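One structure is given here, and the rest of the page talks about it.
Please treat every number below as a calculation from the coordinates, not as lab data. Just so we're clear, the structure is a prediction, and the values are computed from it rather than from any experiment.
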Amino acid sequence: MKPTGKCFCGCGQSIKGKAFFIASHDRRAESKVIKARYGSIAQFVVAHGYGPDHPNGGAPGR
Ligand SMILES: [Zn+2]
C-alpha cells in the first residue's frame, strides 16, 4: 500500500510527502473502524486474543 496524497481517514484533505495521515487522523481512523467493527476497544482487543489475561496476545480461551 502506498500513500495517495490524501488522508486515509477519509476526511478528504490532501497531504504533502509520503504520509498516510494528517497528524492525529490515524487515531481518528482507528477509533472509527474499531467502533464500527467491534463496538468498543475492549471487545476489539479481546477479539484478537489480547485483553487482561493476555497482555502480549494469545489464543482466546486458553
Ligand atoms: Zn484525515
Compute from the Cα atoms of segment 1-43 the Rg and the Dmax, the latter being the longest Cα-Cα distance, and quote both in angstrom.
11.7, 35
Calculated from DSSP helices alone, with each H run of at least 4 adding -39500 (n - 2.57) and the total divided by the residues of the chain, [θ]222 nm to the nearest 500 comes to -10000 deg cm²/dmol
